[in-house]
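Everything below concerns the one structure shown next.
The values are calculated or read from the model by the stated rules, or taken from the named source; none is laboratory data. Model, not experiment: these values are computed from the prediction. Cβ sites come from the backbone with ideal geometry, for glycine too, and all protein chains shown count toward neighbours. Remember, those area values only see protein heavy atoms, side chains included, never the ligands or the DNA or RNA. Shrake-Rupley method; radii C 1.70, N 1.55, O 1.52, S 1.80 Å.
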Amino acid sequence: MQAIARSCPNIALIKYWGKRDTARNLPAVDSLSLTLDSLWTTMDVKFSPEILQDELIINDLQQNNEFSRVKNCLDMIAGKNRNFAKIKSSCNFPISAGLASSSSSFSALVIAANSALGKKWNTHLFANQASAISGSAARSLLGGIVELENISNGIKIQQLSKPNRWPLKVIIAITDTKEKVISSSKAMKLSARTSPFYASWIKDQTFDMREARAAVTDQDFEKLAVISEHNCLKMHSVMWTSRPSIVYWNSATIECMHTIRNLQKKGVPVFFTIDAGPQIKAICVPENEDLIEKSLSEIVGVRSIMKSDLGSGPSLDINI
Ligand code: PMV
């Protein structure tokens, strides 16, 4: 009745922002992402009749913040009459700060909880369960470059490129580790209700997905760079034009964007993406990794840098 799973966050290049079904947490748009390998979350889930209430420990501290989402996830997998569970999680990067910690956490939780109950690995089922809690989590169930597609009854994920086929690097400039001011889930609902740009954001996503998919197939860095930055800035435009406005950036975020644009002008193949937080993710090829790390680390307001290759996806570490 116990299992430990490990999963890595994924960074969307073509973003998910908005829900087509809020009750089932189904995304309004398809999305495309990179699964990382050096950032990770482990989830240790133990169900037992001897445990008298659910308990969640993250990085050795008792937690209440994510407790209801975690409980809902376990209820969905094990049923409401399940045994109580002890859930212990470790994460080697800041949580709820725009670094996609919910994608690694909930994908690992789904794998660990199913395995603790003796259920066999089923990527499609796990993806739909993970997505019901956190829309981005489903994409972390596969490695490399991953597509999430809306299908009639839920979602479907597929690997577009293995991690070694196109070995991109992701350099993350951390500008603030505080918890985000508004959760992505609440922010998405606000955007759908109030942003005048929301409808065109949804409408254009099919084109952006097609462009990005073709760029991945052809390993066309320039094409992927152009469509990814455009898609990211459109998502943030929807956020900025919501009422009240949702602004996750700080001045260092903008400085990082300028630095990356200046490197591009000098011919360096690099592009940025930003999620629901102030961190910048620069995507580049291995030859330019050091230059980009150095350029971003010199910016006032950049507190630290994390680097990652593309990862091969989650693992079930122990089934006890
Ligand atoms: O999975 P959630 O509910 O935390 O939403 C994630 C949304 C973005 O990170 C901003 C975009 C994405 O596709 O990951």
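Summary of values
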quantity: Residue list for the range 43-62, filter: under 26 Å from Lys186 (Cα atoms), open to solvent by 30 Å² or more (accessible area, probe 1.4 Å) and either within 21 Å of the chain's Cα centre (by Cα) or among the charged types (D, E, K, R) (or both); calculated: Glu55, Asn59
quantity: Filter result (among the β-branched types (Val, Ile, Thr), open to solvent by 20 Å² or more (accessible area, probe 1.4 Å) and under 26 Å from Val270 (Cα atoms)) within the range 139-183; calculated: Thr177
quantity: Filtered residues of the range 121-132 (kept if surrounded by fewer than 24 Cβ atoms within 10 Å (Cβ to Cβ) and either in contact (Cβ under 8 Å) with a residue 60 or more places away in the chain or within 9 Å of the ligand (Cβ to nearest atom) (or both)); calculated: Trp121, Ala132
quantity: Number of the exception - Leu36 against (1) open to solvent by 10 Å² or more (accessible area, probe 1.4 Å); (2) within 28 Å of Leu168 (Cα to Cα); calculated: (1)
quantity: Qualifying position, being within 12 Å of the ligand (Cβ to nearest atom) and among the polar types (S, T, N, Q), among Ser184, Ser195; calculated: Ser184
quantity: Condition broken by Gly277, with the remaining ones in (1) assigned to a helix (DSSP H, G or I); (2) touching a residue at least 24 places away in the same chain (Cβ under 8 Å) satisfied; calculated: (1)
quantity: Those residues of the range 194-226 which are in contact (Cβ under 8 Å) with a residue 12 or more places away in the chain and among the charged types (D, E, K, R), in sequence order; calculated: Asp204, Asp208, Glu211, Arg213, Glu222, Lys223
quantity: Pick from the range 1-33, criterion at pLDDT 95 or above and more than 16 Å from the ligand (Cβ to nearest atom), ranking: most open to solvent (accessible area, probe 1.4 Å); calculated: Arg6
quantity: Residues of the range 1-29 satisfying the condition of being over 20 Å from Gln159 (Cα atoms) and charged (D, E, K, R); calculated: Lys19, Arg20, Asp21, Arg24
quantity: Filter result for the condition that a residue is modelled with pLDDT under 95, within 16 Å of the ligand (Cβ to nearest atom), closer than 15 Å to Pro9 by Cα and open to solvent by 10 Å² or more (accessible area, probe 1.4 Å), over Ser68, Ser136, Ser102; calculated: Ser102
quantity: Listing of helices (runs of 4 or more DSSP H) fully contained in the range 150-254 that carry 3 or more residues being under 19 Å from Pro278 (Cβ atoms); calculated: 184-194, 221-240
quantity: Total residues in the range 244-270, condition open to solvent by less than 10 Å² (accessible area, probe 1.4 Å) and either within 16 Å of the ligand (Cβ to nearest atom) or farther than 17 Å from His230 by Cβ (or both); calculated: 4
quantity: For Ala97: the one exception among (1) open to solvent by 10 Å² or more (accessible area, probe 1.4 Å); (2) touching a residue at least 12 places away in the same chain (Cβ under 8 Å); (3) within 30 Å of Thr175 (Cβ to Cβ); calculated: (1)
quantity: Positions within the range 184-225 being surrounded by 13 or more Cβ atoms within 10 Å (Cβ to Cβ) and of a type in the set (Ser, Thr, Tyr), in sequence order; calculated: Ser184, Ser185, Ser191, Thr194, Ser195, Tyr198, Ser200
quantity: Residue count for the range 271-294, restricted to those that are within 27 Å of Lys178 (Cβ to Cβ) and either open to solvent by 30 Å² or more (accessible area, probe 1.4 Å) or under 14 Å from the mean Cα position of the chain (by Cα) (or both); calculated: 10
